[in-house]
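Bear in mind these aren't lab numbers, they're just calculated from the coordinates by the rules spelled out. Bear in mind the structure is a predicted one, so any value in this text is a computation, not a measurement. Every residue, glycine as well, gets a Cβ built from its backbone with ideal geometry; the counts of neighbours run over all protein chains shown.
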Amino acid sequence: MEKKLYPSAGTSRAIFRTTVLCVLCVLTALLIAFWATRGVEVVICNKTGEELQSVRIEFTGGTKTVPTIEPDGVFRTRITPAGESHLELTYTHVSGKEFSKAIGVYFEPGYGGAVFIELLPNRALRFEDNIRLPRWW
């Protein structure tokens, strides 16, 4: 019996199919990773010592709401604006008084990163952002 030096045509097709399948899986994973990181993540930490009610984050093209944030509670959401945008944060104190604050950040569609907002006693707040320009690679 003579040993074949080259694989049969069936083996070549199987290797080709496996390679194509692996490439498609990698491309799919990259696309999912790209789309999953779109938008800006907003994180609100309630350090007021009081429950906050009717918390709203408004931006160009949308609003995100949460009914309550408990003391020391955290609310996270991802937003994708429809155009040039900043953030407006509105909430109702347990006393029933509504407060609204503009958050000094700027972003557009395609931007990424996060904004961390810490609500403090006496209606004070501080924020930090690491918003970044879109990646076009």
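Which distance in nm do the two modelled labels at TYR106 and VAL94 give, with both placed 7 Å along the Cα-to-Cβ direction?
Output for this residue pair reads 4.0 nm.
In sequence order, what are the phi-derived ³J(HN,Hα) couplings for region 18-27 according to the Karplus relation 6.51 cos²θ - 1.76 cosθ + 1.60 with θ = phi - 60°, rounded to whole Hz, with x for glycine and proline?
Using θ = phi - 60°, the values come out as 5, 5, 4, 4, 5, 5, 5, 5, 5, 4 Hz.
Once both labels are modelled 7 Å past Cα along the beta-carbon direction, what's the GLU50-PHE116 spacing in nm?
The two pseudo-label positions are separated by 2.5 nm.
Which option, (i) 134; (ii) 167; (iii) 115, is the value of volume of the Cα convex hull per residue in Å³ that was calculated from these coordinates?
Step by step, volume of the Cα convex hull per residue in Å³ for this structure corresponds to label (ii).
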